[in-house]
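Read the structure below first, then the notes.
The values are calculated or read from the model by the stated rules, or taken from the named source; none is laboratory data. In this text the structure is predicted, and so the values were computed from the model without any measurement. We place every Cβ from the backbone using ideal geometry, glycine too, and count neighbours over all the protein chains shown. SASA here: full protein model, heavy atoms, side chains in, ligands and nucleic acids out. Shrake-Rupley method; radii C 1.70, N 1.55, O 1.52, S 1.80 Å.
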Number of protein chains: 2
Amino acid sequence: MARAAPKSRPAAGRTRRSPASVAQIVAALRARIAAQDIPPGAKLRESDLAEEFGVPRTRVRDALAALEQRGLVERIPNRGAVVMRLDLSQVFDIYELREVLEGLAARLATERGPRERWRRELDLFQGPMKDLVARNELDPYIERYEALRRSIIEAAGNPVLAEMLDTIYEKTQALIRRILILPGRAEVGRQQHVALLEAMVQGKAELAEQRRREGLRSARAHLEKFQKYIL
Amino acid sequence: MARAAPKSRPAAGRTRRSPASVAQIVAALRARIAAQDIPPGAKLRESDLAEEFGVPRTRVRDALAALEQRGLVERIPNRGAVVMRLDLSQVFDIYELREVLEGLAARLATERGPRERWRRELDLFQGPMKDLVARNELDPYIERYEALRRSIIEAAGNPVLAEMLDTIYEKTQALIRRILILPGRAEVGRQQHVALLEAMVQGKAELAEQRRREGLRSARAHLEKFQKYIL
DNA sequence: GTAAACAAAAGTGTTGACAGTTTCGCGGCA
DNA sequence: TGCCGCGAAACTGTCAACACTTTTGTTTAC
């Protein structure tokens, strides 16, 4: 990635001297939490982070407040911030939401997005992706899957929807990988995406919505079945 | 173990002398913005608010940061915070979202909620509410409508969904009233709620979802038709 | 009379210092 | 030895002063 953070400052050439902004700290912490680089339940000490980022403590404080509002950390008065530990019920809540929200995204993307793109994605999921799943190469599979997901959300052209999906998706991002490892899940998911993309290529928006919802419902069912192995 | 620290816990409902917390300031400003007590585009000066609430300016600042994250105000660097002015496209985005989200809420509430409650609401919407609409008494009608809406969301039993709906609903709250004034809209809306509640009373969850979605789609269509009179 | 330049004022952004609370270690006592 | 209380250290919460940017008001040149 490394797409440089858009610095409004006219480039003075000074690189690491510039102090990190609140947004940058938030982004960095979000990434770490999503990757479970900082595990759930871990304490986040303001002084440590301040020193690490080379900023005053109040700035870290603002960042933690933002993360709290996004539901990624919990702040207990006088006792600091800990990475939110999501319980099972919340995971199911989120899947119920993803079902309708990503369904909406699929419908809108079908109506508004460029069909050639979906055709290309369809080829990808029918060909190369099938091999990846067969060989159990999950990392590149996940990468392509998330790229498609982002494409659909972007093509939907509804910023408020995009923001919402971003908020809830980042909470379960760490789980996705574990679900995909479940026996047979990856291949089932691939087939469902093929079906989804076929509907999108044909411009059948309602059908695309229905199929996306179906796909997420089945993912949730898998999760329910194997929950003891995941949490 | 639970030996209470004698003075550490400030009781929640303190006297009016205690300085307002960030959460209280946020709530107060949210209410004013929703009621258009502070109109869109108005500037919010930190010093003024600090003096009004009797708190240091930094606390107002934190509150404004929270409101910015909720999308209620826009903060321009070095120029202050102004109440977000929502453009038409965003309103339609929000209605697309409400369509699927409140549809989900209706389905879940039908599955999980107490049927007696829906029966009572149905009686209300078939009887007294009809009179209110006929007499054009919109204020009490809106009040009851919002109470039903909250009931459904609460009965859905999905806190993440509730939070989301809260976030987007408060942005359009000021508009709802204007939509209801549109010719025939209130009565159509009432009839749609009767249909919705009938499905809920019968325990037909999917039908309830479908009908709620239909209702919001038609509200959006009305909005589209009369947009010039509203914005 | 108009407009550009400058100075003062108002408002926002930032920071380090101070205060309050919790946690941890240590010494005394049964 | 166990543990109870006490005090110090670590950490979070709060704030008022300082620095910087934008806006406004005034003067001056054409």
Taking only Cα atoms, what is the 0 to 90° angle, nearest 10, from helix A:185-201's long axis to the longest principal axis of chain A?
70
Using each residue's phi in the stretch A:79-87, evaluate 6.51 cos²θ - 1.76 cosθ + 1.60 at θ = phi - 60° and report the 3J(HN,Hα) Karplus result to the nearest Hz, with x for Gly and Pro.
10, x, 10, 10, 5, 4, 9, 8, 8
Output the 0 to 90 degree angle, nearest 10, between the alpha-carbon long axis of helix A:57-69 and the longest principal axis computed from the alpha carbons of chain A.
30
Counting other chain Cβ atoms within 10 Å of each Cβ in A:166-175 and taking the mean gives 1
Of A:PRO39, A:VAL55, A:VAL73, farthest towards positive along the dipole that unit charges on Lys, Arg, Asp, Glu beta carbons give the stretch A:22-83
A:VAL73
What translational D, rounded to a whole number of µm²/s, comes out for the stretch B:22-83 from Stokes-Einstein when the hydrodynamic radius is the Kirkwood one over Cα pairs, at 10 °C and 1.306 mPa s?
140
Mean per-residue count of partner chain Cβ within 10 Å for B:148-160 equals 2
Taking 8 Å as the Cα distance limit and 6 or more residues as the minimum spacing, I'd like the relative contact order of chain B as a percentage.
23
Cα convex hull volume per residue for the stretch B:81-143 (Å³):
153
Calculate the translational D of the protein assembly as shown in whole µm² s⁻¹ from Stokes-Einstein, where the hydrodynamic radius comes from the Kirkwood formula applied to all Cα pairs, the temperature is 10 °C and the viscosity 1.306 mPa s.
64
With only Lys, Arg, Asp and Glu charged, each at its Cβ (+1 for the first two, -1 for the last two), find how big the charge dipole of the stretch A:22-83 is about the Cα centre; round to the nearest 20 debye.
140
Could you work out the local net charge near A:GLN69, counting Lys and Arg as +1, Asp and Glu as -1, over the other residues with Cβ closer than 14 Å to its Cβ?
-3
Find out how many positive minus negative residues lie around A:ARG57, taking Lys and Arg as positive, Asp and Glu as negative, among other residues whose Cβ is under 12 Å from that of A:ARG57.
-2
Place the label 7 angstrom along Cα→C-beta at A:LEU88 and in each other copy, then list the distances from the first to the rest in nm, shortest first.
5.0
Regarding the stretch B:88-230, what whole-number volume in Å³ per residue does the convex hull of its Cα atoms give?
89
B:ILE181 accessible area, 1.4 Å probe, all protein chains in place, Å² to nearest 10
110
So for the stretch B:99-231, averaging the separation of alpha carbon pairs under 8 Å that are six or more residues apart and normalising by length, what relative contact order in percent results?
45
Label geometry 7 Å along the beta-carbon vector: A:GLU163 inter-copy distances in nm
1.5
Spatial separation of Cα centroids for the stretch A:35-72 and the stretch B:55-71, in angstrom
19
Inter-centroid distance (Cα atoms) of the stretch B:116-194 relative to the stretch B:90-105, Å:
15
Can you compute the helix-only [θ] at 222 nm over chain B? Use -39500 (n - 2.57) per DSSP H run of at least 4 residues, normalise by all residues, nearest 500 deg cm²/dmol.
-23000 deg cm²/dmol
Treating only the Cβ of Lys, Arg, Asp and Glu as charged (+1, +1, -1, -1), what charge dipole size does chain B show about its Cα centre? Round to the nearest 20 debye.
660
Among residues other than B:LEU216 whose Cβ falls under 12 Å from its Cβ, what is the net charge (Lys/Arg +1, Asp/Glu -1)?
+2
Sum up the lysine pairs in the protein assembly as shown that clear both bars: alpha-carbon distance under 22 Å and a spacing of 8 or more or different chains.
6
What figure, in Å² to the nearest 10, do you get for the accessible area of B:TYR95 with a 1.4 Å probe and non-protein molecules left out?
10
How far, in nm to one decimal, is A:LYS43 from itself in the other copies if the label point is set 7 angstrom along Cα toward Cβ? Shortest first, please.
4.4
Within 10 Å of each Cβ in peptide B:209-219, how many partner chain Cβ atoms are there on average? Round it to a whole number, please.
0
Give the ranking of B:ARG217, A:ARG45, B:ARG185, A:ARG57 by solvent-accessible surface, highest area first, calculated with a 1.4 Å probe.
A:ARG45, A:ARG57, B:ARG217, B:ARG185
Treating the stretch A:187-231 as a set of equal point scatterers at the Cα positions, no solvent, please give the Debye-formula log₁₀ I(q)/I(0) at q = 0.15, 0.17, 0.22, 0.34 Å⁻¹.
-0.42, -0.50, -0.70, -1.11
Acute angle (nearest 10 degrees) that the helix A:138-156 long axis makes with the longest principal axis of chain A, alpha-carbon atoms
90
